[in-house]
Structure formats: structure tokens, C-alpha cells
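> Quick one: structure below, then a few questions.
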Amino acid sequence: MGDSTEQLRAELDEQRAEIAATVGEIEERVAPSNLVEKGRQRTSEAVDRGREELRRRVEKAKSSLDDAGGDALGNTSTGLASSAQPAADRVREETAKRPWPMLAGAFALGLVIGRRLR
């Protein structure tokens, strides 16, 4: 009987350790600072993708202007405006799909600005 009691205690201790590790992992995932960081990273990635898309479209517009050799001022302003719109739409769509990271990023930005203003 003594062996089975010790065995049960050892198993319980092992299960407690596993549960504690699982709870620690869950706490790590849902920690506000980690959520804010994930939101900041996703927002930064979306902005970078939009910026790169805009850069590609500007280069394409410049190339078409060089090829056309026409009215540079008129074509450039409309070309840039039409190039920027899809990038802005993409950021808007990403925000609509996953608002929590954007909210977390805005909250973190508010905290930083608030602390700087004190």
C-alpha cells in the first residue's frame, strides 16, 4: 500500500507540474503586453505591405509616364492618387478583419503619448 500511495503522489506532482506549465503558457499568450506587441507587429506588417504596394504602383506610374512622354503634371497627380487608394483600402480591410490588434496598438500608442506629455 505504501508504494501505491507514493506512486499516486508522484503522479499527482507530475500532473501539477504539467498543469502549471500549461497555465504559464496560456498566461504568456494572453498577457496584455504580448497582445499589444502582436498587434503592433501586425499593424507594422500591414503598413509595410501597403507601402511596398504603393512604391510598386508609383514606379509603374513613373514608367508609364516615361513611356508616354506626355503631360507629366496631370498624369502624375492622378496616377499617384489611383495608386495610393488600393494600399489604403488594403489597410482598411485588414483592420476590419482583425480589429483587436489595431485596438491594442492604438491603446499602446495612447499610453506612450500620454506618458510623453506628462
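> Restricting to segment 86-101, what's the tally of residues that are in contact with an Asp or Glu (Cβ under 8 Å, 6 or more places away or on another chain) and within 15 Å of SER44 (Cβ to Cβ)?
Matching residues across segment 86-101 total 2.
> For segment 83-92, check the following and say yes or no: at least one residue is at pLDDT below 75 and of a type in the set (Ser, Thr, Tyr).
yes
> Does segment 92-111 hold any residues that are touching a residue at least 60 places away in the same chain (Cβ under 8 Å) and over 18 Å from ASP48 (Cα atoms), and which are they?
Residues satisfying the conditions are TRP100, LEU103, ALA104, PHE107, ALA108.
> Right, something else. For segment 1-12, what are the residues that are open to solvent by 90 Å² or more (accessible area, probe 1.4 Å) and at pLDDT 90 or above?
GLU6, GLN7, LEU8, ARG9 - these are the residues of segment 1-12 that are open to solvent by 90 Å² or more (accessible area, probe 1.4 Å) and at pLDDT 90 or above.
> Still on this structure, please answer the following. Show the residue pairs meeting these rules: Cβ distance below 6 Å; 6+ apart or different chains; first residue within segment 13-39 and part of a helix (DSSP H, G or I); second residue open to solvent by less than 90 Å² (accessible area, probe 1.4 Å).
Once the first residue is part of a helix (DSSP H, G or I) and sits in segment 13-39, its partners that are open to solvent by less than 90 Å² (accessible area, probe 1.4 Å) give LEU35/ALA104; VAL36/ALA104; VAL36/ALA108; GLY39/PRO101; GLY39/ALA104; GLY39/GLY105.
> May I ask you to say which residue of LEU35, LEU54, LEU73, LEU65 is modelled with pLDDT under 80 and surrounded by 11 or more Cβ atoms within 10 Å (Cβ to Cβ)?
LEU65
The values are calculated or read from the model by the stated rules, or taken from the named source; none is laboratory data. Because the structure is a prediction, the values reported are computed rather than measured. Glycine also receives a Cβ, built like all others from the backbone with ideal geometry; neighbour counts cover every protein chain displayed. Protein only, heavy atoms only, side chains kept; ligands, DNA and RNA dropped before computing areas. Shrake-Rupley method; radii C 1.70, N 1.55, O 1.52, S 1.80 Å.
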